Structure formats: structure tokens, C-alpha cells
1. With (1) farther than 23 Å from B:W120 by Cβ; (2) facing chain C (nearest Cβ under 7 Å); (3) not in a helix (DSSP H, G or I) as the list, and B:R233 as the residue in question, which single condition is left unmet?
2. Considering each residue of the stretch B:149-177, count those that are within 14 Å of chain C (Cβ to nearest Cβ), touching a residue at least 24 places away in the same chain (Cβ under 8 Å) and part of a loop (DSSP other than H, G, I, E, B), and give that number.
3. For the stretch C:339-452, please list each of the helices (runs of 4 or more DSSP H) lying entirely inside it that holds at least 2 residues being at pLDDT 90 or above.
4. Would you kindly identify the helices (runs of 4 or more DSSP H) lying entirely within the stretch A:1-71 that contain at least 3 residues that are closer than 17 Å to B:G79 by Cα and without any contact (Cβ under 8 Å) to a residue 60 or more places away in the chain?
5. Test C:L232 against the criterion of being within 14 Å of chain B (Cβ to nearest Cβ), part of a helix (DSSP H, G or I) and under 21 Å from the mean Cα position of the chain (by Cα), and give yes or no.
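The values are calculated or read from the model by the stated rules, or taken from the named source; none is laboratory data. All of these numbers come straight from a predicted model, not from anything done at the bench. Reconstructed Cβ throughout: ideal geometry from the backbone, glycine too, with neighbour counts over all protein chains shown.
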Amino acid sequence: MRTRARRFWASVRPRSRRGWLIGTTGVLVGAAVIAVAIFASAAMAWSPYLDFALHRDSNAKQWAALDMSFAASSDCVACHLTEASRLASHTHAGIGCQSCHGPMLAHEDAAKRGITTGAAIAMPTDAVCIRCHEATEGRPATIQTIVPANHYVSQCLQCHDPHTTWALHPPVVSHPLANLPPCLTCHGPDGFKARNERHPSGPLTDNECLQCHQAGRGPQQLTLPTPQPTVSGGAVPSPQPSPSKVAP
Amino acid sequence: MTEPSEPLDRLEPLDQPQPAVGEPSAPPAEPAVAGATAPGRAAATAGEAPADAVLVPLEAIAPAIRQASLSRRAFLGFGLALAGGVAGAAVLGQLFPVFASAGDQVSPLVPNYDPATKAWTFVVDTSKCIGCGLCVVACKEENHVPESAAFTRTWVERHVTMTDGTVYVDSPDAGINGFPPTSTAPGAGGKTVKSAYFQPRLCMQCADSPCTSVCPVSATYTTQDGIVLVDARRCIGCGYCVVACPYGARYITPAGEDTPAGTPGVADKCTWCYQRISKGQQPACVEICPVGARRFGNANDPNDDIRTAALAAGARPLHPEYGTQPRALYLGPALQES
Amino acid sequence: MQVVDSTLHVGRLALPASPRAIRAALAREVSAMPLATRVWYALLLAGLAIGAVTAILALPPGWEVMGTSPSIEWGMLIVGYVFFAIMTSGLCLASSLGTVFGIERFLPLEKRHAILAILSLSTAFGVIALELQYPVRMVFGAVLVISPSSPMWWMGVFYGGYLVVLIVEVWTLFTNHPVIHKYACTGAAMIGIAAPTTLGAVFGMVAAKPLWAGVFTPILMVASAFVGGVSLLGIVFWAVSRFRLADWGRSGVALGSVRLLLAGGLLVVAALLARQVADGLTSDVAGFRPSTLAMVAGPLAPAFWGLRVAAGLVAPLAILALPRLRTVGFTGLASGLALLGIFVDRSLFVVAGEFVPRTTMAGTVAYPYVAYTPSLVEIGILVGAASFMAMAYSLCERYLPMGEGDVHLFWPWPWLRHHEHGEEADAGGGAPEAPAAAESGLAPAAAAEAVP
């Protein structure tokens, strides 16, 4: 063993003073470079105090520090007391404001800083109402649903106030309906009693008019929420019978 | 490469087996060197060489000797430098204490947030879900999840059971636009529906999660409060966790405007809105759910209604047979099917 | 080391050192090739070009150039990696019969075993690097952070060590270090079993994919590895014999061994495959039966019965069994079919495992089957990988001394050494083209000797 070691050393030992110098310097410099490299990479990997660390806590911190967009729903009440109290007394009670109005953290931050301009609230479109209130397989029977094709759906908010869920009262037709020309003859744009701007502007059939304006339509029906039997049964809801032109 | 003009007598003979040139049949274990041109050194080694050594002129094997000496020196030098480097790194580690030790109080993730006291629990009530898909919208908005429906952290499925017993599952665009009136699953049309329900899905944050155990670079891990997170700086995007997750909760982030961790090509998954829950907020999908089908709370807190309202009601994990111990629990018809 | 007349002289090797000299040397090489060789290299170059273009497309992380989705996250590139990786192990297992267990008839042409093994492992690493989104991080992450719970980490350990051992093996083989070589061969044979076992465990420990899960997956992986390696040897030995390359006289003996090993391996693989299908069809584990049905009776059935069973198992077994077909050409054909079968087998295994997901994957319901078509990029990368391996092997065959035992002097860089000792004797049975092939390398004898 010792002989082998001596032979090995004899075969590699530097042959001159210059060789010693070069060899020693090379080994020392190499050791220093390797030491710094190992230390730096280990520090990068495991030091929790360095930003670029692969340390877990530093990563969890990054996840925890991400920006939010949704505020806490309970915060809305602080300013919007009126709307909140209206909402609280009706069937939409308990639904967070942001469900319909979208993320509100930016709005809340702006309001807290006293900025009122630009803190606009997104107004929900029909699509938001339809998401929940369209008759759909699998939807629990506790949800009041409609079949959009059979409902006057162009603008839900024209008739319904989602904060109360009451529908506005469409006037019930007071004059007799039998033996009359089409509704738009008198209530069209050129008629003597034109419809107001809440109505769709296009041509309408009489049946479409009567969906809202026949006797018995309006809030009375909504106060008696009869769940659609077709939904709980899971079958496709059958089309509602088209309203007769004859008032009941 | 050494210069060929280097005088040969500056080389030491080697004990390395040197088969003689032109004599391939020479026993390879015999040292085949001699010092005809370097008498002094030959005398030093002659005593150790076996008597029947085949002697060849030193010139003939000079390149080999030179090369062997060089590579030995390189080997020795590198070994010394490496050993010195390791020792030096250890010394540096002592001089600059940048490493956390067990006694160190690592700075808290968020001020006033103590993850050790939390046992976050998510309860999904499938009897309440109406399939509006607002949770999917909120998740994409809150977490910058890619727009494409193929990459979703949370989604809603509709399970429709027909009268003939077959179950059809559909999730058009992951439910982000809500659901059409009837199932879009191929083959479901024309059959009579017996029952149907919606099943919101998200990462189950399993206590014994396959995704963390299979990760080859430990990029995904479980935090102290039980959330499974992905370190986007460490993930290599191999997709093993995507394949291994029995709940299909993961995807590889595509490049694009929305990348949750700001890094494309890494695994991503639901974090239960870690940025929110660590600040005392509810996850965005819980915040937005209009019917309270999603609930979230700390099961360690005796005042949290997650204990009374959900856990006491018998919430259980989906597919417990995977044995991953999910922290997300389910109520309602999903349990019967699972 | 000196430069004379645009020629770099390193030791006794003369390398062209100026663009013009390189062009001239290349032209000399090309003009010396027969037409068929030129066509072969041109085809390989075209495949390499396709591979290079598609590889560049696959490099940026997150670009959706693959046909994969969260539902079928592992596609053809994983298949390619598995294919090349297990082939490496198969080559080592086959060659270990000669080098480790000392069975004489398996000893010939071990240089080709070793070269092929190291090339196919490099190819596998190249393919997996393109499949990974951040391959460079893997080195950092897997070395600095040990993850012993991950089968993939162990696979990395074994295949990484494998590469080191193979380099040592090839190095010592060409530099004639018999002792180190023997240890390296033993190590390679041991890792040759351990590495595909861990590769099988990568799939076998995924409980979410019932077709993959189970203890038989690593066993099937090792058996497939063996068949893959042996059939590649069969193809190469056929080529050696057909084109009378160096040492071709011995390939006759080697082909006999290949026939024996191939038949045995195919029988084992067939038994394991039958067990897998039978198990899947009778299992009540959720999702197992649908996956198996998708393979044997669903959309994957044509590939399964046509390519996997008929072409990949039955046909080669029939060829090997018929005494009349025990020729070099038919052995090569059987090897090629078996290799195709192994590739199709691994593709079906990987794809069918994910084909019927047990759940919604990241919000996508796949019903009844996942849509997966390999993209052009995936196919291009596989073409490039195969071309790379064939190209590298062809160059090795042309420029490295593939004959046996022609290195007797300790000299660590054999390609820098002029062939002067007895390669004529080693050229094997008076093959007329072998010395020409060996000497037409980058070190023409005349050029080297003209320099003092």
C-alpha cells in the first residue's frame, strides 16, 4: 500500500519549483471557486432569507402575496346600507354582491381612499340572470326557473329588480281584446298610444305582447312561487301554452 | 497536449501496466518500462520490477507515459480542489449563517397569520349547487387562470342519471358559461332523466397527496396549514403530477397572458386562494357562490360554522378509495354516486 | 499540436483546419461513398433537419405544440423516451450474457452493444429534455433536492448513473482496460435491470391510472426492454452481415444468439401481455376494464391486434420458429418486426392508460375516450431522434474501429491514434471493405505519416 502510494506520488509530484507554484495555486484557486459555487448554489436553494431561494416558506410567501380581486362581501354593507337592507329582506338575501356585480376589491380600495369617480360597479346583464334561472337539468327545485324561449327575456332588469326580486307591474290590458286589429296598430311607433322606451323596438306579435300584458300577469304570479314540476322531475320543461287573445 | 520536444528523461517511469509496442501478446500486468535512457531513475524502480519484465525503449511509450502522468496529475489536482472546495463551502456556511436552522423563527408568511393553527376544510354541498358556473368565472378572475376552458383550477360537472341507469357527465367549457338545459354528453340525448345534480370540483388538498410524493424535484409540497402548492421556480413541467392526480385537478400552464404563477410550462392547481385565506378571506369561489354550495373554514376553530354546518352533517371525501385523505369534503348526491 | 497547410496535426491525426480544407475533406468523403450510402446519409440528414426544426418549436416552455392535454398529459414523447431508454437496458442485458456471465457465444460484437446502448440512452435523454418544459432545472432540482418518494427521481438516479457507467464501459472498451471494463459491464448489467424497473415503477405507482398501476408493470418493462435491445441488435447484426462491415464474420454466431434471445423474450412478453389483458378484462377496479377494452376492442384495437399482436409478436415468433427461415435476412426481419411491436406496445400502454380517464381532467370531460392525435411536432421529434441514433451509429460504424480487440496500447483517445497495430488482422475473416472503412476516417494514413 505504502509502496503504491509512494509510486503514485512519484508519478504526479511536481518536478520543479515552478511546477509546485503552479500546482498549488491551481488547486487553491480551484478549491476557492468550487467552495463559492457550492455555497452560493446551496444558499440559493435553501436559504429562506434570500428572495430567489427555492426554500418552501419563501415560495408559500409568494403565493400568499399574490394580488386579490374579490373583496369580502361583508365589507359592502358598510357603505351600501340601503341596497343591503333591501336585499336582506328578499329571496336573493345571502347572495354576495360580487356574485352579480363582479370583483369589487378595486372598487373597495378606491372608495377607502376617498376616490368616488372611476369606482364604477359592473351592472349584470341578462346572461347573469339566466345562469341561475334558466330551467336546466340538475338545478334544484328551490330555484325559480324560466324557459327563456317562453319568457320575455330580452332585458330582465326592465321588469325585475334583483334586489327585491319583485317584477315591476306591467299594466293589465283594460280594454277588450276580441275583434281588434294587431296590438301594434295602435301601440306601434306610429300609433296613437305608442309603447314607451322600455319595450323592445322591433316588431312584436300579439302573443309576445300578451305574455306580459294579459290579465293575471305580473307580480301576482311571482308572489306564488310554484316550482316548475318539470325541473324536479328532471325532464325538459314543456313549452307553456300560448296565451289566448281572449281575456279569461 | 504536451510538446513532443520535451526531454524524455524528465519523465518518471510508471507502475501503470504498459503493454509493449509491437508485442500485443505481452502480459498486460507486467510493468514494461525500463530506464535505459534514465539510468538513475531506472535503478530506483528496477528493484520493484519483476525480473521477466519486457523491456522496451522509453521513447516508444513516451507519449503514453506523458499522457498518463498528465491525467494522473489532473485527477489528483481536481480531487484536491474538490475536497478543498467542499471543506471551504462548509467553512463559508459557518461564517455566513444564511441557512435556516430548527431553532430559527422563519419570518411569517403573512403578518398575524399562523399556519400551524389552521386546519382548512372545504365543504361542497352538491344538493345546493345550481350549476351557474360563477365559481369558475371567479376563479379565473382571481387567480389569472388561463382563459382556455381546457385549463381550469375549479370546474362544475353535471351528473345526469337516466332511467336505464347510465350516468352521463358533462361540463361544457368547464361550466364557465353555465349549463345548457340538457346534458351535452354524447349519447345522453333522447333518454329519460331520472335524476341529475351538479358537482363542483376543485383541488382536494389531500393530506396524503400523490402529486407531492411523485414530484421528482419536490416542486410541489404541502404547507403547514395543509395546502398543496407548486413552486413555479422549481417545477420542470414533466407532467407526472398531472398524470398521478386521481381527481384530475392539475394542468401544465400554457404560455399566454394569464399564467397564475407568472411562469408558463409549470404545473398549476387550485390553491384554495392561498392569497386570500392567509389574510382571513374566503376563497373567491366561496365568496361568489350565490347558494352557499361551497363553504370554507378552519376545522380547528370551535366557533367556525364549518364544523356544525358541514362536518356534523356527515361530509365525506369523494372517492375515499384512493386513500389520499382529501381535505375537501362533499355533501349531497355526489356521495351516493361516489 | 501544430498547423501545417490548413491541416491541424494532433498527435498523428490530421484534421482539416480551414473552411476550405473541411469542405475538401467532406467532398473527398462523400465522393468515396457508394450511392446507397449517400442516399442513406441524405435520408438521415433530412430526418435530423425535421427533428431540429420541431425541437426548436418544442423548446419554449408552455407552447402548446404537442397534441397533449391535461387529460392525456403523457403523449408520444414519453413513449419515445421509454422506447429508447428501455432499449438501452435491453442492449446491456443482452450483452451482459457475454461480458458478465462469460457465455462465449454472446461475446462477439460487444462494441456494437456498448455503442448502441450509449447512443440510445443519449437519444432518450434528448427526447425527454424536449418533453420537459424546463430540462435544465431538472439537473439543479434533482441533484440539490433529493425526492426519494418519487419513482421518477429514482429513475433519474439510475439512468443518470447508467450514462456514467456506459461512458466508462465504452471508454475502457476502446482503450483496452479489461479490469475496469469488466466492472463497468457488471455495473451496466445491474443498472440494466434496475433502471427499467424504476421506469416501470414510474407508471406502476400511479394509482390514478389503473392500467399502469401494479407490480407487473416494472416486470413488463424489463421484458420489453430485453426484447427491444435484442431486436435492435438483430437489425444491426443483419446490417453488419449484409454490408460486410468490420468483424462481419462473427455476426453469424451473434445472429444465432439473437434468434435465441429474441424468441425467449417474445414469449415472455406475450405471456405478460396476455396476463395484462386478462387481468384488465376481469378486474373490478374502476376504469381498468374500460382502459383494457379501449385497447383490445375500442379505437386502439386495430393497432393492438394488427401491429402489436400480429406484426409484433406472432409474425416474428413464426419467423424464428420456422427452420427454413433461419437466415440472416429473416432474422433481421423478425427483429425489425419485434422492435416495431415494442414501440407500438409502449405507445398503447402509455396512451391506453390515459385514454379512459376516471375523472374530469382539469375541467375537461373526455367521453367516452380522450381525443389524442400526436402533433406534427411530436412525430418530427421522434423522427429526429431515430435519425440521430441511426446517424450517430452509422458514423461510429464508419469511423470507429468496431472490430474486436484491436486496441492494445494504453492511449485514452483512440480516435486520435493512428491505426497501425494489427487492425488488418482484426478486420475479421478477410473482409475486403473493413480496412477501408476503418481507414477512411478522419485520419487517412498517408496524411498522418506525411507529417514529421
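1. Condition (2) is where B:R233 drops out.
2. Residues in the stretch B:149-177 being within 14 Å of chain C (Cβ to nearest Cβ), touching a residue at least 24 places away in the same chain (Cβ under 8 Å) and part of a loop (DSSP other than H, G, I, E, B): 9 in total.
3. Once the helices (runs of 4 or more DSSP H) in the stretch C:339-452 are filtered for at least 2 residues that are at pLDDT 90 or above, what remains is C:376-399.
4. In the stretch A:1-71, A:2-12, A:17-46 are the helices (runs of 4 or more DSSP H) which contain 3 or more residues that are closer than 17 Å to B:G79 by Cα and without any contact (Cβ under 8 Å) to a residue 60 or more places away in the chain.
5. For C:L232, the condition - within 14 Å of chain B (Cβ to nearest Cβ), part of a helix (DSSP H, G or I) and under 21 Å from the mean Cα position of the chain (by Cα) - is not met.
Residue by residue, here is whether (1) within 14 Å of C:M138 (Cβ to Cβ); (2) within 11 Å of the chain's Cα centre (by Cα); (3) touching a residue at least 12 places away in the same chain (Cβ under 8 Å) holds:
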site	(1), (2), (3)
B:Q205	no, no, yes
B:S209	no, no, yes
B:S218	yes, yes, yes
B:T223	no, no, yes
B:R233	yes, yes, yes
B:V242	no, yes, yes
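For (1) within 14 Å of another protein chain (Cβ to nearest Cβ); (2) surrounded by 21 or more Cβ atoms within 10 Å (Cβ to Cβ); (3) under 19 Å from C:K209 (Cβ atoms), each residue gets a yes or a no:
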| position | (1), (2), (3) |
| --- | --- |
| C:L293 | no, no, yes |
| C:F330 | no, no, no |
| C:L337 | no, yes, no |
| C:V350 | yes, yes, yes |
| C:A362 | yes, yes, yes |
| C:G384 | no, yes, no |
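The rows are residues; the columns are (1) more than 30 Å from B:A293 (Cα to Cα); (2) more than 9 Å from chain B (Cβ to nearest Cβ).
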position: A:R56; (1), (2): yes, no
position: A:A60; (1), (2): no, no
position: A:A65; (1), (2): no, no
position: A:A78; (1), (2): no, yes
position: A:G94; (1), (2): no, no
